[in-house]
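Structure first, then comments.
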């Protein structure tokens, strides 16, 4: 037996062995889903609470919103805030029709790696496409968006709807 | 990354367990195969695959999104197996022999079957330190660099271990009467 033959047989042996017992994992994804909590007790919320506690003790409101934002978790529960989890990014910007596609740097990351930005308070009601730019080069769509657009240059934009004041989006 | 994989990972990071379920569906065969190759026992491999996906979900925020997800999940799997071996001192004897279903000359088929079985037995006899890179290389198709990343070893060590693993396999196969020519 030659080395190449041995390598081929190794691959074949391991592959066949796994194939022969594959039925054992037929429902693995369902078992895993059942076992996981429905909503991750994610570092996002965990660290958010820790951060909020720290802010309450240390800041006594004197340092204001800026300190609150920088020491606590990102306020992703707020519908006026766009968030992206990207712990290893050095920078994340948002570019959108409402920024005239000009990248606007996002805040963050918080201790869970979440980047966030609050929508401009004077944003007009309407439909806006947007996306995130990671490290100045990588276009990333918002996984939390409910609508997406495949662009002509093969990117994916997320879509955001701003409802008139007082109306639900 | 595979189609939509980054989106699935992002969704899982936001707590979407269905997105993680899709990741499990895509990777379960590979993860199970690696665990089976290392542990040598289907029941233990099933447990290890299960543990690997749970642990990976819990530690998903440590995954570098710009890297290959497959390498990372294989690394988690290898670590789960390593711990299992350490914990249980598990060197399971070979009990499960799959049937080959290839057609052709029955004598030839039997010889092939015999050879495959012999190789599996030989893999079983390898030390975990040799078995892990071997399985990642020849089952999961990782290159040296990826194996090094997955096992947290220098690339040179991976090469050495693979070389020694094959030398050890050669020795075992020769003992079993399988002629080997490098």
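Considering region B:127-162 alone, what residues qualify as being within 11 Å of another protein chain (Cβ to nearest Cβ) and on the phi < 0 side of the Ramachandran plot? Residues satisfying the conditions are B:131, B:134, B:135, B:136, B:137, B:138, B:139, B:140, B:162. Within region B:2-23, the set of residues being in a helix (DSSP H, G or I) and closer than 13 Å to residue A:143 by Cα comprises B:5, B:6, B:7, B:8, B:9, B:10, B:11, B:12, B:13, B:19. Within region B:60-76, is even one residue modelled with pLDDT of 90 or more, facing chain A (nearest Cβ under 10 Å) and not in a loop (DSSP other than H, G, I, E, B)? The answer is yes; a qualifying residue exists. Determine whether residue A:143 is at pLDDT below 85, crowded, with 21+ Cβ neighbours inside 10 Å and in contact with a helix residue (DSSP H, G or I) (Cβ under 7 Å, 6 or more places away or on another chain). It is true that residue A:143 is at pLDDT below 85, crowded, with 21+ Cβ neighbours inside 10 Å and in contact with a helix residue (DSSP H, G or I) (Cβ under 7 Å, 6 or more places away or on another chain). When residue B:47 is tested against (1) closer than 18 Å to residue A:23 by Cα; (2) touching a residue at least 12 places away in the same chain (Cβ under 8 Å); (3) crowded, with 18+ Cβ neighbours inside 10 Å, only condition (3) is not met. Answer with yes or no whether residue A:133 is touching a strand residue (DSSP E or B) at 6+ places or on another chain (Cβ under 8 Å) and not in a loop (DSSP other than H, G, I, E, B). Yes. For residue B:38, are the conditions met, namely being under 28 Å from residue A:144 (Cα atoms), more than 8 Å from every other protein chain (Cβ to nearest Cβ) and modelled with pLDDT of 90 or more? Here the answer is no, as residue B:38 does not meet what is asked.
From the list B:92, B:111, B:49, exactly one residue is more than 10 Å from chain A (Cβ to nearest Cβ) and either modelled with pLDDT of 80 or more or assigned to a helix (DSSP H, G or I) (or both). Which is it?
Details: B:92 fails: either modelled with pLDDT of 80 or more or assigned to a helix (DSSP H, G or I) (or both); B:49 fails: more than 10 Å from chain A (Cβ to nearest Cβ).
From the options B:92, B:111, B:49, the qualifying one is B:111.
Among the numbered conditions (1) within 14 Å of residue A:24 (Cα to Cα); (2) over 16 Å from the mean Cα position of the chain (by Cα), the only one that residue B:35 does not meet is (2).
Residue A:2 passes all but one of (1) surrounded by 14 or more Cβ atoms within 10 Å (Cβ to Cβ); (2) facing another protein chain (nearest Cβ under 7 Å); (3) modelled with pLDDT under 85; which number fails? That leaves (1) as the condition not met.
The values are calculated or read from the model by the stated rules, or taken from the named source; none is laboratory data. Given the structure is predicted, the values throughout are model-derived calculations rather than measurements. So basically every Cβ, Gly included, is an ideal-geometry build from the backbone, and we count neighbours across all protein chains shown.
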